[in-house]
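Since every read-out is calculated from the coordinates, none of them should be taken as a lab result. Values in this document were obtained by computation on a predicted structure and should not be read as measured data. Neighbour counts are summed over all protein chains in view; Cβ atoms, including those assigned to glycine, are modelled from backbone coordinates with ideal geometry.
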Amino acid sequence: MASSPLRALIVVDCQRDFCEGGSLPVTGGDAVASGVADFLAAHRTDYRLIIATRDWHIHPEHHFSTHPDFIDTWPKHCVAGTAGAEFSPNLDSHGPFVQCLDAIVSKGRESAAYSGFQGTTDDGRSLNRLLKDSDITSVDIVGLATDFCVKATALDAEKYGYATNVLLPLTAGVAPDTTAEAISAMEQAGVHVQAAI
Ligand code: VGL
Ligand code: ZN
């Protein structure tokens, strides 16, 4: 008998600096964080694991620039331990977000890292390890930004063999053209990009 897939929800980089009022705001970031909180309140039990990734920069080499191109270089953002690196308070609208989480994966400590699969927990476990240890076969991905960290995380999830689903209404992109390119790149790689939830 086929068993139903064990699912994880990955909440990508819903941090203050990527939301309105932050140093690298993505238009719609606040709304995504509120939407994720609502979604979690309704769907927590659909998932075996809930994991949040965060951009967590200490010395990220050439990732920051005072003249950013918004492709490879960015205004200073998500510096480890600062207010801008905190999760958006909108995630807490139905109760503390961190209490929903099974793990927090930090990435970008010493160099730019867009994929959650490049990060680790504070005790050194990779995202792939966490998923494997809980027999996860399928991942749903939400968060910021569609055209960078959501895209990179989804492409890696697919590469690692997970059935990968991006819940598009619970994401927001930096720019329309790169977001459109990201959606087609994800679909071409076999990621299911779900237009409605
Ligand atoms: C991101 C720009 C720089 C992201 C991270 O989370 O998509 N974007 N660092
Ligand atoms: Zn970054």
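A simple count of charges around residue 58, restricted to other residues whose Cβ falls under 14 Å of its Cβ and scoring Lys, Arg +1 and Asp, Glu -1, yields 0. Karplus-based coupling profile of the stretch 49-58, in residue order and whole Hz: 9, 10, 10, 9, 9, 9, 6, 9, 8, 10, with θ = phi - 60° in 6.51 cos²θ - 1.76 cosθ + 1.60 and x standing for Gly or Pro.
In square nanometres, what is the average projected area of the Cα convex hull of the chain?
Result: a mean projected hull area of 10.8 nm².
With a cut-off of 12 Å between beta carbons, the residues surrounding residue 32 carry a summed charge of -4, where Lys and Arg count +1 and Asp and Glu -1. DSSP finds beta bridges in the chain, and of those with both partners inside it, around 10 percent are antiparallel. For the stretch 85-197, the share of DSSP beta bridges that are antiparallel, to the nearest 5, is 15%.
Within the stretch 1-104, the chymotrypsin sites (Phe, Trp or Tyr not before Pro) that combine a DSSP coil assignment with at most 14 other C-beta atoms in a 10 angstrom radius are 70. Cross-link reach is defined here as a Cα-Cα straight distance under 27 Å, omitting same-chain residues fewer than 8 places apart; for residue 159 the lysines meeting it are 107, 132, 151. So what is the 222 nm mean residue ellipticity for the chain from helices alone, if each DSSP H run of at least 4 adds -39500 (n - 2.57) and you divide by all residues, rounding to the nearest 500 deg cm²/dmol? The helix-only estimate for the chain comes to -7000 deg cm²/dmol at 222 nm. A simple count of charges around residue 84, restricted to other residues whose Cβ falls under 15 Å of its Cβ and scoring Lys, Arg +1 and Asp, Glu -1, yields -3.
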